[in-house]
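Asker: Next up is a structure, given as structure tokens.
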Amino acid sequence: MSELDELVQRCKKGELAAFSRLFRDHEARLYRLAVTILQNERDAEDALQDAYIRIFERIKGFRGKSALETWMTAIVVNVCRDRLRRRKVRRALPLDWLRDRAGSGDVVREVGARSQRQMMWSLVDRLDDKHRLPVILHYHEGWSCGQVATILKVRTSTVYSRLNTARTQLRAMLQAESRQGLERSKERYVEKV
């Protein structure tokens, strides 16, 4: 029996120290995911607390059909979905997690790259949740399409389809943004002349 399996067994018996360790081991990753989905640190903290309660209540039913990490991620995603449905107002993703971690000395390039990422994620935020969540889970969190399918409780082919549709929608939004930017530039130029 692996250390993780032993930890899960201890959690199933209701051992609070085991739950504490389980939550500590996964807290940073699950919190980052909640912040990415909810775009608000306070909401993410509340959602994570709700998710931990659900995990605590449902761990006895965990059968190991999927990895524990996947199971816990699915619970966090579902709690966040519930909060989004109730809130129905989404804001742009914070710039903090989009920060360029390359450490390049070229400030102009870093600022340009950060600006492009911020614009792209603000466009992702305009997608409906059906398309936005697979994009976040796959491209931001790094989950495989099969894992995303398990988390969202859909077929893998559905994840591929939703990602393809999201990319098509994002491409169209980018083109529209570019056209609007050109129009604004032309208007400013005409005003100066």
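The values are calculated or read from the model by the stated rules, or taken from the named source; none is laboratory data. Since this is a predicted model, take the numbers as computed values, not measurements. Ideal geometry is used to build each Cβ from the backbone, glycine not excepted, and the neighbour counts take in all protein chains shown.
Asker: Out of Gln175, Gln169, report the one residue that is surrounded by 14 or more Cβ atoms within 10 Å (Cβ to Cβ), out of contact with any helix residue (DSSP H, G or I) (no Cβ under 6 Å at 6 or more places or on another chain) and farther than 17 Å from Val76 by Cα. Show your work before the answer.
Answerer: Values: Gln175 fails: surrounded by 14 or more Cβ atoms within 10 Å (Cβ to Cβ).
Testing whether each residue is surrounded by 14 or more Cβ atoms within 10 Å (Cβ to Cβ), out of contact with any helix residue (DSSP H, G or I) (no Cβ under 6 Å at 6 or more places or on another chain) and farther than 17 Å from Val76 by Cα leaves just Gln169.
Asker: Let me ask another. Residues being assigned to a helix (DSSP H, G or I) and under 17 Å from Lys65 (Cβ atoms): count how many of those fall in segment 138-154.
Answerer: So the answer is 7.
Asker: A follow-up question, please. Looking at Glu57, Glu45, Glu6 in this structure, which one is at pLDDT 90 or above and either surrounded by fewer than 16 Cβ atoms within 10 Å (Cβ to Cβ) or not in a helix (DSSP H, G or I) (or both)? Even if it seems obvious, please write down each step before you answer.
Answerer: Values: Glu57 fails: at pLDDT 90 or above; Glu6 fails: at pLDDT 90 or above.
The conditions single out Glu45.
Asker: Same structure, new question: Please specify each residue of segment 60-72 satisfying the condition of being farther than 13 Å from Leu22 by Cβ and either in a helix (DSSP H, G or I) or at pLDDT 90 or above (or both).
Answerer: Once the filter is applied, which keeps residues that are farther than 13 Å from Leu22 by Cβ and either in a helix (DSSP H, G or I) or at pLDDT 90 or above (or both), segment 60-72 yields Lys60, Gly61, Thr70.
Asker: In the set Val89, Val35, Val79, Val108, which member is at pLDDT below 90, assigned to a helix (DSSP H, G or I) and of a type in the set (Val, Ile, Thr)?
Answerer: Working: Val89 fails: assigned to a helix (DSSP H, G or I); Val35 fails: at pLDDT below 90; Val79 fails: at pLDDT below 90.
Within the list Val89, Val35, Val79, Val108, the selection yields Val108.
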